[in-house]
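Encoded as structure tokens, the structure appears first; notes follow it.
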Amino acid sequence: MYFTLEEVLDTTKEYKQRVTEVKGSTILAKLPVDFRTVSSSAAYNLSVIVDNRIYRWDSIRVEIKDAMLRLTVTGNPQVFNRRKYRRGPLFNHCHFTIEGSAMPYVGTMVNISAGGYSFFSDAEELKDAKGKLIELEVDDFPLLEDEELAGTAIRVTDNNGVYIVGCRMLSDNPDIDRYIETKAVQ
């Protein structure tokens with residue numbers, strides 16, 4: 001599970017990080033690399049994506065303790081359905097890594113959208129990949145120009161040793177949505 005922390009001071013700065021632990025109304029995470037200190041004059045907002053919903057809290061308490069970020073929420077969050085984007089078929093080869101392993105694997109894309117992607121591979125390590133971060137590069141896809149797509153595996157289907165994996169990206173990519181829209185028109 002990932003969250004986005006917005007720090008609103010003179011400008012808004014976003015930090016994206018993976019949740020390490022939840023204790024009651026406190027969310028713990030490793031300190032983001034570029035997060036230096038908590039500003040007493042800043043306002044902080046928190047968004048957490050769970051399944052297909054976004055939970056958002058405004059004015060949360062932020063602390064740093066033992067090199068961990070502690071986010072304490074109060075009250076009920078605002079709940080939003082996550083945007084659904086059109087999917088476009090894609091049959092390019094891809095290579096990817098799975099959280100916890102530096103070993104690269106190969107697969108074939110199934111489809112892509114501004115919010116996620118799916119692919120298949122016979123890499124047996126995918127069997128237990130649900131909930132893990134998968135970083136993927138699509139071969140011969142000029143739109144991304146070797147850009148890596150980071151997503152959390154939300155579905156893994158075993159089809160006789162071929163694993164079909166659906167991932168939700170950590171952040172939406174509007175360029176992909178525009179690309180799919182132009183391809184659908186043609």
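Quick look at the numbers
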| quantity | calculated |
| --- | --- |
| Taking the chain and dividing mean pair separation by its residue count, relative contact order in percent (alpha carbons under 8 Å, at least six apart) | 14 percent |
| Rough spin-label spacing in nm, given labels placed 7 Å along Cα→Cβ, for T74 and Y55 | 1.8 nm |
| By average C-beta atoms within 10 angstrom, highest first, the peptides 153-160, 119-126 | 119-126, 153-160 |
| Helix-only mean residue ellipticity at 222 nm for the chain, each DSSP H run of n ≥ 4 adding -39500 (n - 2.57), per residue, nearest 500 | -2000 deg cm²/dmol |
| Calculated from backbone phi, Karplus (6.51, -1.76, 1.60) coupling profile of segment 57-68 in Hz, x at Gly/Pro | 10, 9, 6, 9, 8, 10, 9, 10, 8, 6, 6, 10 |
| Rounded to the nearest 10 Å², the accessible area of I64 at probe 1.4 Å | 70 Å² |
| Whole-number accessible area per residue in Å² for the chain, which is evaluated in the context of all protein chains at 1.4 Å | 59 Å² |
| Accessible surface ranking that places the most exposed of V8, V19, V79, V165 first, with a 1.4 angstrom probe | V79, V8, V19, V165 |
| Net charge contributed by nearby residues that have their C-beta within less than 9 Å of V79 (K/R +1, D/E -1) | +2 |
| Qualifying lysines (Cα of each under 24 Å from Cα of K65; at least 8 residues distant if same chain) | K13, K16, K23, K30 |
| For segment 111-186, alpha-carbon Rg and Dmax in angstrom | 13.0, 39 |
| Base-10 log of normalised Debye intensity for segment 47-186 (one unit scatterer per alpha-carbon) at q = 0.15, 0.22 Å⁻¹ | -0.82, -1.29 |
| Angle in degrees between helix 174-185 and the longest Cα principal axis of the chain, rounded to the nearest 10 | 40 degrees |
| Tensor-based shape of segment 80-129 (alpha-carbon gyration tensor, a/c under 1.5 rounded, otherwise prolate or oblate) | oblate |
| Rough spin-label spacing in nm, given labels placed 7 Å along Cα→Cβ, for I154 and S41 | 4.0 nm |
| Dipole magnitude of the chain, debye to nearest 20 (Cβ charges: Lys/Arg +1, Asp/Glu -1, about Cα centre) | 940 debye |
| Average projected area [Cα convex hull, segment 1-90], square nanometres | 7.5 nm² |
| Once the Cα gyration tensor of segment 6-49 is diagonalised, semi-axes √(5λ) in Å | 19, 12, 10 |
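The values are calculated or read from the model by the stated rules, or taken from the named source; none is laboratory data. From a predicted model like this one, the values you see are computed outputs, not experimental measurements. So basically every Cβ, Gly included, is an ideal-geometry build from the backbone, and we count neighbours across all protein chains shown. Quick note on the areas: whole protein, heavy atoms, side chains included, nothing else; ligands and nucleic acids left out. Shrake-Rupley method; radii C 1.70, N 1.55, O 1.52, S 1.80 Å.
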